[in-house]
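Take a look at the structure below.
Any read-out appearing in this document is the output of simple, stated calculations on the displayed coordinates, not a laboratory observation. What you see is a predicted model, and the numbers here were worked out from it, not measured in a lab. Positions of Cβ are generated from backbone atoms using ideal geometry, with glycine treated the same way; all protein chains shown enter the neighbour counts.
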Protein chains: 2
Amino acid sequence: MHFTANTSSNGVVERHFTLGEVTGALWSPAVDSGPTSVVLMGHGGGLHKQAPAIVARAHHFVTTCGFAVAAIDAPGHGGRARTPADEQLIATLQRARAAGEPIAPIIVEYNASLASRAVPEWRASIDALQQLPSIGADARIAYCGTALGTAIGIALTAADSRITAAVFGLLGHESLIEAAASLTVPLEFLLQWDDEFVDRHSALALFDAFGSAEKTLHANPGGHAQVPPFQLNTTTEFLIRHLGATA
Amino acid sequence: MHFTANTSSNGVVERHFTLGEVTGALWSPAVDSGPTSVVLMGHGGGLHKQAPAIVARAHHFVTTCGFAVAAIDAPGHGGRARTPADEQLIATLQRARAAGEPIAPIIVEYNASLASRAVPEWRASIDALQQLPSIGADARIAYCGTALGTAIGIALTAADSRITAAVFGLLGHESLIEAAASLTVPLEFLLQWDDEFVDRHSALALFDAFGSAEKTLHANPGGHAQVPPFQLNTTTEFLIRHLGATA
């Protein structure tokens, strides 16, 4: 993990890093008060590690809870190179969208491909984060990400037992059910009741499938991008409950 | 409103009252710091105004938020007289339960009967609460109640515009849809994913029907009586958001 930039504002230090091909960002409390818990943030499709919603949440979790927050760009996102297969899927997606044809099957295939590549990248990132003195090997780790961030997060949480709580949502598809059923960590799952990209019944079926004894569905009216601001309060409370607060 | 008893513990004054045939309880901050917002608490079927869950929540809302909390016994509950029709419905319910026959239709009929009688009793209680100097005519008012408390609460909130936010849940039936669709106040709706008394799809249909622009569904695994303790935190946050906190 090579740190390439370092800025500080409002009590939050933001560092950019590379780890092999992976580009990432780490937000931490400006005042080091010992090892912190970590929130891994997965961005949505077409976005990147410094999308405004990611940065805003990172600052909120650092200043409110004292957590460190890490985000990495998914393969082909945030300036990372796309493979020829990625380019082909995106071209297919754009043609289908322009023609008014169903795009969900294409997104499912693209998400699955991204998740298979992102999981080892996230696992290597966790290895590197645990080497940092401000985090350490005993840090409690949660994952937060919706849409593409959930496709990646379900696969990651199924593969890596270091993740002990997760916030997912804005997604549902039968291809995710098997991995979802294998999860046992506490979950918060966000659903937008009028999501224009996600079938409500598929999202409810995904929530139903999670194997976790503690899982909470939070559903709100509105479209994919209209998760209400107050939802951040319950997510914060969920993370504090499972990671502890150090601020 | 005649106060008949007055006790105080842990910063909370509990007063019992009668209002005509209605028996009620009012919990308030022991230290009077001006007019407070009010939470009306509706109990579940077969319970009463001082059921342990009601008393625990009342103390929590008073000490955490500075609200006043009022609860009244539903007709035929908490020592209030049952009508011959009530007795007949309860006997029918007990026979159906003993015979392993469906009890939902009987409960729906009983709930509807209780709601039609409870609404004017709640409205008279609100009138009387607004006369108290510690509450006043401008107090913001929310309603919280699940199961029977939701059957009554939907009818009450549809009938009385003084209620400006509500927490409902653990119920769903087509007979409630029309009144639910007429509601416009912010709502939190609790659903137990494995509720042995409430059909999941009916509960989701009831959530879907509410006319409110702000409505949040919180669903958790487990049976009717297994709402997780952490749910109280989001309900508290919801009430603070809509009533303000005075503590």
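In the range A:20-110, what GluC sites (Glu not before Pro) fall in a loop by DSSP, with at most 11 other Cβ atoms inside 10 Å?
Loop-located and lightly packed - A:21.
Which value, in debye to the nearest 20, gives the size of the charge dipole of chain B about its Cα centre, when Lys and Arg are +1 and Asp and Glu are -1 at the Cβ?
Numbers: 14 positive and 22 negative charges, 86 e Å.
So the magnitude is around 420 debye.
In nm, to one decimal, how far is the residue B:3 label point from the residue A:200 one, both placed 7 Å along Cα→Cβ?
Once both label points are built, they end up 4.7 nm from each other.
Going toward the positive end of the dipole of the protein assembly as shown, with +1 on Lys and Arg Cβ and -1 on Asp and Glu Cβ, which of B:165, A:233, A:181 do you reach last?
Positive-most Cα among the choices belongs to A:233.
Rounded, prolate or oblate for the protein assembly as shown? Axes are the square roots of the Cα gyration tensor eigenvalues, ordered a ≥ b ≥ c, and the cut-off for rounded is a/c under 1.5. Before the final figure, lay out each step's value.
Details: a/c = 2.56, a/b = 1.74, b/c = 1.47.
Note, shape of the protein assembly as shown comes out prolate.
Rounded to the nearest Å, what's the spacing between the alpha carbon centres of the range A:188-224 and the range A:74-140? Just the number, please.
Result: 21 Å between the Cα centres.
Find which of A:122, A:89, A:147 sits farthest along the positive direction of the dipole of the range A:2-243, computed with +1 on the beta-carbon of Lys and Arg, -1 on that of Asp and Glu, about the Cα centre.
Most positive-ward Cα: A:122.
GNM on chain A, C-alpha springs below 10 Å: top fluctuator among A:145, A:222, A:172?
For chain A, modelled as a Gaussian network with Cα springs under 10 Å, the answer is A:222.
Give the percent of DSSP beta bridges with both residues in the protein assembly as shown that are antiparallel, rounded to the nearest 5. Write down the numbers at each step before the final one.
Details: 41 of 87 bridges.
Antiparallel bridges make up about 45 percent of those DSSP assigns within the protein assembly as shown.
Tell me the distances, shortest first, between residue A:222 and the same position across the other copies, using label points 7 Å along Cα→Cβ, in nm to one decimal.
Here residue A:222 shows inter-copy label distances of 2.9 nm.
Sort the following peptides by mean Cβ neighbour count (other Cβ atoms within 10 Å, averaged over residues), highest first: B:70-77, B:196-203. Numbers along the way, then the final one.
Details: B:70-77: 24.4, B:196-203: 16.0.
In decreasing order of mean packing, B:70-77, B:196-203 become B:70-77, B:196-203.
Given contacts defined as C-alpha pairs under 8 Å and at least six residues apart, what's the relative contact order of the range A:192-241, whole-number percent? Before the final figure, lay out the partial values.
Values: 30 pairs, mean separation 24.6, N = 50.
So the answer I get is 49 percent.
Residues of B:205-217, mean number of Cβ from any other protein chain within 10 Å of their own Cβ, rounded to a whole number? Write down the numbers at each step before the final one.
Details: counts 0, 0, 3, 4, 0, 1, 0, 1, 2, 5, 4, 9, 7.
Per residue, the average neighbour count from other chains is 3.
Assume the label is 7 Å from Cα along Cα to beta carbon: what separations in nm does residue A:6 have to the matching positions in the other copies?
Shortest to longest, the spacings are 6.5 nm.
Under 14 Å from a point 7 Å along the Cα-to-Cβ line of residue B:181: which residues of the range B:199-240 have their amide N that close?
B:205-212
Taking K and R as +1 and D and E as -1, what net charge do the other residues with C-beta under 13 Å from the C-beta of residue B:27 add up to?
Numbers: positive: B:15, B:49, B:57; negative: B:14.
Value of the local net charge: +2.
What residue among B:206, B:34, B:112 has its Cα farthest toward the positive end of the dipole of chain B, where the charges are +1 on Lys, Arg and -1 on Asp, Glu, each on the Cβ?
Toward the positive end, the furthest listed residue is B:34.
If you put a point 7 Å past Cα along the Cβ direction, how far is that point for residue B:116 from the same point in each other copy, in nm, smallest first?
Relative to the other copies, residue B:116 has label-point distances of 6.3 nm.
How high is the relative contact order of chain A, in percent, with contacts defined as C-alpha pairs under 8 Å that are six or more residues apart?
Here the relative contact order equals 17 percent.
Dipole size in debye (nearest 20) for the protein assembly as shown around its Cα centre, Lys and Arg Cβ +1, Asp and Glu Cβ -1?
Numbers: 28 positive and 44 negative charges, 157 e Å.
For this selection, approximately 760 debye.
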